[in-house]
Amino acid sequence: MNRPMTIVVMSLLAVIAGFLFLALLSYGANQVMAASPAGTNLMGLGGAWIAHSLISFWGIVAFYIPAVLVGYAIGMWREYDLAFLGRRLTGALLLLPALCGIVHLLPVSRLSESMLIQWDQVQLKGLGGSLGYLLCGPASRDVDPAYPGGLLVRWLEVPGAVVVLLALATLALLLMDLGLGRWLRRLWAMVRNSTLRRSVEVVEPDRFHSEPYVPQQAIPRAKNRSTTSMHEITRRIADEQALPPDAQQLVEKIRNHRKALENRGASGEVDADADGDADAAEPPSEESEEADAPVAAAVAPTPARVESPAGEEPTSSAPASKPQPRPAPVPPKPRKRKEASQDGEYVLPPVDLLDEPALRRDAEHEHEKSQTARMIEEVFSHFNISVQVVAATRGPVVTQYEISLLDQAMRVSKVEGFEKDLAMKLGTEGIRIVAPLPNKRTIGVEVPNRVKEQVVMRDLVDDFDPESMALPVILGRDVVGNALIADLAKMPHLLVAGATGMGKSVCMNAMICSILLFKGPEHVRFIMIDPKMVELAGYEDIPHLLSAPITDMTKAHAALEWACRTMDARYDALRQVGVRDIKGYNELGEAEIRLRLGKKDLKLEDLEHDEARMCYIVVLVDEYADLMMVNKEVEKSIVRLAAKSRACGIHVILTTQRPSADVVTGLIKSNLPSRICFRVVDKSNSRVVLDVSGAENLLGKGDMLFLQPGTSQPIRGQGVWLKDSEINAIVSHAKQQGTPVYEEDVINVGAVAHLDGNGNVGAAGGGEWLKDRQFHESVQAMYRYNRSGADFFRRKCNIGYNKATSYVESLEDLGFLGPQKGTAPREILKTWDDWIELLKGNGLTWAEEDDLYHNPVELRS
């Protein structure tokens with residue numbers, strides 16, 4: 001039942017209970033049967049008749065009805081386990097005659113007599129109503145020959161009637177399952193612990209001695225009181241199934257008592273033993289101080305049992321040896337974070353910027369598991385498939401049930417088609433069947449939980465050592481509650497796909513913030529491409545950026561081309577130094593690098609990458625499909641980066657909401673082995689991203705499938721939820737540590753060189769278009785005839801249609817042609833002189849007699 005319907009039912013029960021209570025409370029016999037004078041009921045004539053019916057039959061026990069309704073409403077409000085309603089209602093009904101009989105056996109007092117007069121039930125001789133009179137009324141017929149009563153009293157006498165009624169009440173309480181057993185166990189534990197506390201306060205310490213085989217005369221009395229009794233008390237506290245609520249106060253009293261005894265021994269006081277001898281009191285030793293350890297362990301949340309002390313051979317000068325407690329399990333300590341980067345200037349954000357996780361309700365989920373397991377077995381039994389649920393593991397959003405096939409001849413593939421049948425039977429969506437589970441002989445059935453829990457980053461930052469990962473990214477938790485934390489440097493690239501609003505942008509923000517939490521700008525730098533213009537705008541001006549977030553898609557290809565050139569330069573540096581990856585290069589140090597280059601008659605400044613340290617570079621593209629629509633040439637740069645850039649420390653993260661085959665091509669998938677897929681619209685999109693179906697059945701809102709590198713079976717998990725306030729706090733802290741140093745060449749190189757805001761031409765070097773003579777012929781024809789277009793270039797330059805189309809797109813990227821406007825020809829935006837300046841600015845030279853670079857207007861004239 002959903003929450004709004006629960007509130008409606010709960011409110012209805014509360015209104016009915018209030019109506020009945022007020023009607024019963026104000027009932028009088030003169031309100032019905034046309035009495036004169038007639039009385040009035042708070043709930044009117046209808047309430048009077050209802051109260052008359054209830055009280056006539058059950059007497060004062062009629063007040064039990066509104067109490068049951070209120071209890072059920074409270075249980076619904078606090079989300080108690082209210083299953084097996086039929087059994088519990090049966091118990092509630094059985095409790096009615098038991099209460100009526102017991103109440104009717106009570107002696108009549110002035111108060112009860114006045115109530116019987118008001119209700120006109122004096123002849124019943126009790127408050128149990130007609131039902132109580134029938135069971136336990138007077139056994140003689142003299143009272144009312146027409147209505148004999150007292151069936152139980154007549155046959156069993158009063159003691160026997162009491163035993164039967166108490167047994168019936170006990171059975172009813174067991175059927176109602178009110179948790180009375182737990183309350184009785186708690187009450188018994190409190191009584192035992194209070195008895196122990198009183199014995200500690202008034203009994204002599206020697207009574208706590210647990211070493212009867214050690215002679216008392218061999219142990220100084222003062223030390224025996226302060227140490228041996230502490231071990232015994234620790235054992236007694238540890239043996240308790242449940243600690244008293246004032247256990248800390250009890251331990252403080254014991255410590256104060258021990259200190260008083262030690263002070264008495266230090267002042268020279270002695271105690272006489274049974275023979276009249278006195279032993280000199282010893283000063284407090286380290287053994288007394290170490291007695292705090294087992295006491296502290298006794299009041300810990302999970303107490304450990306302390307073993308009996310092992311004594312030594314008794315001597316007249318040496319005390320008994322200290323007992324050796326069994327070591328308690330030590331909880332894992334959170335690993336220390338590195339609070340400053342290697343240069344000592346940049347301070348990493350503290351984890352206190354993240355919100356604390358919400359308090360988890362320790363509700364009982366066993367009933368939900370057993371009920372769902374029974375339904376799963378029932379669904380398969382309808383199709384003559386014998387299965388058994390052997391295990392169930394609960395995660396934050398999904399519970400994984402492991403089923404075993406009882407029929408060994410049954411094919412596993414047959415089980416995979418029952419997702420919709422289970423969804424209809426269980427009344428939920430998002431069910432996924434994993435057949436079989438990796439490295440197991442069972443099949444997994446993932447069913448969403450009724451009560452879902454959020455996965456927050458603060459709950460995950462202490463679950464791993466950030467120093468063991470180059471680029472740690474926190475993704476969330478899997479279906480069994482284990483943390484999903486990966487190293488981007490080992491992925492080495494990541495594709496994130498899913499429909500709109502399913503959690504892609506939240507996942508990207510979580511990955512960026514997790515890197516910002518643990519790595520400084522000298523360790524990692526970002527290139528952010530944001531077609532939405534607002535998703536990554538908040539990270540502007542953080543010191544980790546190589547350029548401002550790129551929102552102009554005509555400049556995105558330039559950034560990817562710069563990353564490719566940087567990759568080539570880094571590989572040349574790795575080859576010259578003689579290492580295989582970025583980790584080995586950074587571990588050498590500047591002195592060793594210069595020494596190795598000196599053996600080849602080279603200097604560090606001679607390399608295109610002239611730095612002694614390489615930082616990791618993460619290229620983030622928030623909407624790859626939109627980038628592909630603007631310029632399809634970006635796929636070549638991304639494929640080059642994904643295929644080669646791992647060893648030199650450049651990693652790519654792509655997100656897309658349109659995971660179709662023309663966007664996520666085979667080249668992209670083959671070079672991006674790590675993929676995350678949120679909910680998609682159909683199976684085909686799921687297969688495009690993960691090569692398997694299943695993402696179409698996810699719940700949304702962070703429910704995802706994560707395909708790890710080197711595996712073929714994705715695992716299900718819940719993405720981490722990071723609030724805007726947490727993101728803003730992390731970004732603000734990073735901005736306070738320094739300002740970014742932008743690389744101007746990021747958006748000014750390669751095949752899509754652009755002019756910056758000051759009109760300066762990009763850096764020298766050039767791309768493929770600089771060396772393509774046919775491309776230059778197409779540009780000259782464009783200015784000679786003042787026309788453009790793929791058909792025009794195909795006819796004039798005798799080239800194919802695909803190449804002509806790519807020429808038009810390249811000229812648009814370079815800013816020489818305007819965008820397509822229907823069937824109208826594209827507008828030429830720049831002059832011939834601008835074209836010549838662009839060629840010279842990129843370092844291209846030609847012979848004077850080459851007519852290809854002469855002004856076509858002059859040639860035409």
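The values are calculated or read from the model by the stated rules, or taken from the named source; none is laboratory data. Everything quoted here is computed from the prediction, not taken from an experiment. Cβ sites come from the backbone with ideal geometry, for glycine too, and all protein chains shown count toward neighbours. Heads up: the accessible areas ignore ligands, DNA and RNA and are worked out on the full protein's heavy atoms, side chains in. Shrake-Rupley method; radii C 1.70, N 1.55, O 1.52, S 1.80 Å.
Structure data summary
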{"quantity": "Lone qualifier among S56, S36 - being open to solvent by 70 Å² or more (accessible area, probe 1.4 Å), of a type outside the set (D, E) and modelled with pLDDT under 85", "calculated": "S36"}
{"quantity": "Looking only at the stretch 502-556, and only at residues there that are within 20 Å of D355 (Cα to Cα) and among the small types (G, A, S), the one that is surrounded by the fewest Cβ atoms within 10 Å (Cβ to Cβ)", "calculated": "G538"}
{"quantity": "Test: residue in the stretch 483-490 that is over 16 Å from I727 (Cβ atoms) and of a type in the set (K, R)", "calculated": "yes"}
{"quantity": "Tabulated pairs, the stretch 729-749, first among the charged types (D, E, K, R), second outside any helix (DSSP H, G or I), C-beta under 6 angstrom, 6+ apart or interchain", "calculated": "K735/D541; K735/I542; E743/L546; D745/A763"}
{"quantity": "Selection status of L814, under 22 Å from V857 (Cα atoms), open to solvent by 80 Å² or more (accessible area, probe 1.4 Å), at pLDDT 85 or above and within 54 Å of the chain's Cα centre (by Cα)", "calculated": "no"}
{"quantity": "Subset of the stretch 695-713 [buried (at least 16 other Cβ atoms within 10 Å of the Cβ), within 14 Å of Q400 (Cβ to Cβ) and not aliphatic (A, V, I, L, M)]", "calculated": "D703"}
{"quantity": "Scope the stretch 446-495; condition polar (S, T, N, Q) and more than 16 Å from I715 (Cβ to Cβ); matching residues", "calculated": "N449, Q454, S468"}
{"quantity": "Top-ranked residue of the stretch 157-181 - restricted to ones that are farther than 20 Å from V68 by Cα and open to solvent by 80 Å² or more (accessible area, probe 1.4 Å), ranked as modelled with the highest pLDDT", "calculated": "V163"}
{"quantity": "Candidates E633, E611, E587, E592 - the one that is free of Cβ contacts under 8 Å to residues at least 12 places away in the same chain and either touching an Asp or Glu at 6+ places or on another chain (Cβ under 8 Å) or under 12 Å from A573 (Cβ atoms) (or both)", "calculated": "E611"}
{"quantity": "The one condition in (1) outside any loop (DSSP other than H, G, I, E, B); (2) among the hydrophobic types (A, V, I, L, M, F, W, C); (3) farther than 30 Å from K532 by Cα that V451 fails to fulfil", "calculated": "(1)"}
{"quantity": "Scan of the stretch 714-735 for residues that are of a type outside the set (V, I, T), open to solvent by 50 Å² or more (accessible area, probe 1.4 Å) and not in a loop (DSSP other than H, G, I, E, B), ordered by number", "calculated": "W721, D724, S725, N728, S732, K735"}
{"quantity": "Pairs, first farther than 17 Å from L93 by Cβ in the stretch 153-174, second of a type in the set (G, A, S), C-beta under 7 Å, six or more apart", "calculated": "V153/A139; V153/A161; R154/A139; A161/G101"}
{"quantity": "Scan of the stretch 621-655 for residues that are open to solvent by less than 40 Å² (accessible area, probe 1.4 Å), outside any helix (DSSP H, G or I) and farther than 21 Å from D813 by Cβ, ordered by number", "calculated": "S645, A647, C648, G649, I650, H651, I653, T655"}
{"quantity": "Failed criterion for R87 (all others in (1) open to solvent by 40 Å² or more (accessible area, probe 1.4 Å); (2) at pLDDT 80 or above; (3) not aromatic (F, W, Y) hold)", "calculated": "(2)"}
{"quantity": "Residue within the stretch 499-506 that is assigned to a helix (DSSP H, G or I) and among the hydroxyl-bearing types (S, T, Y) present", "calculated": "yes"}
{"quantity": "Selected residue [buried (at least 22 other Cβ atoms within 10 Å of the Cβ), out of contact with any helix residue (DSSP H, G or I) (no Cβ under 6 Å at 6 or more places or on another chain) and not basic (K, R)] from V479, V456", "calculated": "V479"}
{"quantity": "Matching residues, the stretch 409-465, being charged (D, E, K, R) and free of Cβ contacts under 8 Å to residues at least 24 places away in the same chain", "calculated": "R411, E416, K420, D463"}
{"quantity": "Residue in the stretch 569-584 that is open to solvent by 20 Å² or more (accessible area, probe 1.4 Å), closer than 30 Å to R658 by Cβ and touching a residue at least 40 places away in the same chain (Cβ under 8 Å) present", "calculated": "no"}
{"quantity": "Index of the failed condition, R596 passing every other in (1) part of a helix (DSSP H, G or I); (2) touching a helix residue (DSSP H, G or I) at 6+ places or on another chain (Cβ under 6 Å); (3) open to solvent by 90 Å² or more (accessible area, probe 1.4 Å)", "calculated": "(3)"}
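Residue-by-condition table, conditions (1) part of a helix (DSSP H, G or I); (2) of a type outside the set (D, E, K, R); (3) touching a helix residue (DSSP H, G or I) at 6+ places or on another chain (Cβ under 9 Å):
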position	(1), (2), (3)
F792	yes, yes, yes
K796	yes, no, yes
T805	yes, yes, yes
V808	yes, yes, yes
L811	yes, yes, yes
R826	no, no, yes
I836	yes, yes, yes
